[in-house]
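Read through the structure below, which is laid out as structure tokens, and then see the notes.
The values are calculated or read from the model by the stated rules, or taken from the named source; none is laboratory data. Predicted, not measured: the structure shown is a model, and the values here were computed from it. Quick reminder, even Gly has a Cβ in these numbers, built from the backbone with ideal geometry, and neighbours come from all protein chains shown.
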Amino acid sequence: MPRLFRSVVAFLFVLISFPVPGLAQDARQNTPGQFDYYVLALSWSPSFCDAAGERAPRQQCGARPYAFVVHGLWPQYEKGFPEFCQVPAPRLDRNLVASMLDLMPAPRLVFHEWDRHGTCSGLAPRGYFENVRKARALVKIPAAYLDVKSHLSVTPDEVEEAFVTANPGMTRDAIAITCDRRRLREVRICINKEFGFRECPEIERRACRREKLDMPPVRGG
């Protein structure tokens, strides 16, 4: 067998056996509008600001007391997710960006989420951000996390249970908590295209497994 032929065969075997990161996760990969459900990611803003340190955006991490803010509304496949479905992405109107700052408190975040996730929704910018607002309105934040003035020590189970209790129709299979080494970072909630809660085993599998988490207090509160 010629050496070049053997090398090609060996390369193809490695490629099949060990898929390269970034290869298509779904036959519809990165086709706008072709996805199965959404994940609404709610970020605990004090944790983000603590972790970001000097790199923290001043709009979000200044004196205003942000608690849970919208990180994004992400189209998902049952396995994997699309991203950057239009390059370059359609431009955002500055007035539209400004209108979202009550939920997503940094312009850079709004632009990034549109480029990476919004372009995969199959919607024009205004329609996508209307869905962001609709998804956020669907979720009630538990009373215990509305006005956190001092550090809270919580478990992922406690946070999940609080959200499930506050939101009729939500089950533990529709929510996942993420964390860093010590802080609660996000609550991720799975929502179908009709804006009802739904199960999402893949999101739950990536949830935080730590026993105790810190929830820093809101800033400037």
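Key figures for this structure:
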read-out: Hits in segment 70-81 (condition: out of contact with any Phe, Trp or Tyr (no Cβ under 8 Å at 6 or more places or on another chain) and surrounded by 17 or more Cβ atoms within 10 Å (Cβ to Cβ)); value: V70, H71, G72
read-out: Some residue of segment 87-101 being farther than 15 Å from P125 by Cα, over 14 Å from the mean Cα position of the chain (by Cα) and of a type in the set (D, E, K, R); value: no
read-out: Those residues of segment 165-182 which are farther than 19 Å from L152 by Cβ and surrounded by fewer than 18 Cβ atoms within 10 Å (Cβ to Cβ), in sequence order; value: P168, G169, T171, R172, D173
read-out: Segment 48-88, residues that are under 14 Å from H112 (Cα atoms) and in contact with a Cys (Cβ under 9 Å, 6 or more places away or on another chain); value: P57, W74, E83, F84, C85, Q86
read-out: Condition broken by R181, with the remaining ones in (1) in contact with a helix residue (DSSP H, G or I) (Cβ under 8 Å, 6 or more places away or on another chain); (2) among the basic types (K, R); (3) closer than 21 Å to R205 by Cβ satisfied; value: (1)
read-out: Test: residue in segment 148-163 that is more than 16 Å from L73 (Cα to Cα) and in contact with a helix residue (DSSP H, G or I) (Cβ under 7 Å, 6 or more places away or on another chain); value: yes
read-out: Per-region count, segment 73-83, residues in contact with a His (Cβ under 9 Å, 6 or more places away or on another chain) and either in contact (Cβ under 8 Å) with a residue 60 or more places away in the chain or of a type in the set (A, V, I, L, M, F, W, C) (or both); value: 3
read-out: Residues located in segment 135-160, provided they are under 17 Å from I203 (Cβ atoms) and among the charged types (D, E, K, R); value: D157, E160
read-out: Filtered residue count, segment 183-218, keeping only those that are among the charged types (D, E, K, R), at pLDDT 95 or above and under 17 Å from T155 (Cα atoms); value: 6
read-out: Within segment 122-146, considering residues that are among the small types (G, A, S) and not in a helix (DSSP H, G or I), the one surrounded by the fewest Cβ atoms within 10 Å (Cβ to Cβ); value: A124
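Matching residues to (1) within 22 Å of I189 (Cβ to Cβ); (2) not β-branched (V, I, T):
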site	(1), (2)
A63	no, yes
V69	yes, no
S99	no, yes
L123	yes, yes
F129	yes, yes
H151	no, yes
D173	yes, yes
A176	yes, yes
